[in-house]
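The values are calculated or read from the model by the stated rules, or taken from the named source; none is laboratory data. Predicted, not measured: the structure shown is a model, and the values here were computed from it. Counting neighbours? That spans all protein chains shown, and the Cβs are built from the backbone with ideal geometry, glycine included. Each accessible area value is taken on the protein alone, full model and side chains, heavy atoms only, with ligands, DNA and RNA left out. Shrake-Rupley method; radii C 1.70, N 1.55, O 1.52, S 1.80 Å.
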Amino acid sequence: QVQLVESGGGLVQAGGSLRLSCAASGRSFSSYAMGWFRQTPQVPGKEREFVAVIEWSGDGTYYADSVKGRFTISRDNARNAVYLQMNSLKPEDTAVYYCAARWGSYYSGTYYHTTVGDYGYWGQGTQVTVSS
């Protein structure tokens, strides 16, 4: 089992940058693929959206098209932490960002794990607001 706590959210102007952190506690952090998702609560019916995922070893990453080239996911298994560096932020990036963990690989062999149901552990979220 793993517990996750996000930090680093805040208010930033369009074009700016933020770095989110997710601290994990529990055993075998390096055995988990780690993902970032986001959700806009004020939009009724909008589900939690995949942002990025990183392999348990750190050797592989996969991104949503909407953030590719602007966001970078990384991890430090020695510190039990995963990060999301967000550059060139846009107002549409405004959301609550969640860190998530799944036991095993980020890739099934035929598809990447990008759905909410693929992940068994979640943090409480951190708000990111991008002003125009």
In segment 46-77, what residues are of a type in the set (A, V, I, L, M, F, W, C) and touching a residue at least 40 places away in the same chain (Cβ under 8 Å)?
-> Phe50, Val51, Val53, Ile54, Trp56, Ala64
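Yes/no matrix, rows are residues, columns are (1) touching a residue at least 60 places away in the same chain (Cβ under 8 Å); (2) open to solvent by 30 Å² or more (accessible area, probe 1.4 Å); (3) under 14 Å from the mean Cα position of the chain (by Cα):
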{"position": "Arg79", "(1), (2), (3)": "no, yes, no"}
{"position": "Thr94", "(1), (2), (3)": "no, no, yes"}
{"position": "Ser108", "(1), (2), (3)": "no, yes, no"}
{"position": "Val130", "(1), (2), (3)": "yes, no, no"}
Filter result for the condition that a residue is under 20 Å from Val5 (Cβ atoms) and hydroxyl-bearing (Ser, Thr, Tyr), over Tyr111, Tyr98, Tyr62 | Tyr98
Selection over segment 96-106 where residues are over 15 Å from the mean Cα position of the chain (by Cα) and either aliphatic (A, V, I, L, M) or open to solvent by 30 Å² or more (accessible area, probe 1.4 Å) (or both) yields a count of 2
Search result, residues across segment 23-46 that are under 15 Å from the mean Cα position of the chain (by Cα) and under 17 Å from Val116 (Cα atoms) | Tyr32, Ala33, Met34, Gly35, Trp36, Phe37, Arg38, Gln39, Thr40
Residue in segment 21-64 that is farthest from Tyr111 (Cα to Cα), counting only those that are part of a strand (DSSP E or B) and charged (D, E, K, R) | Arg38
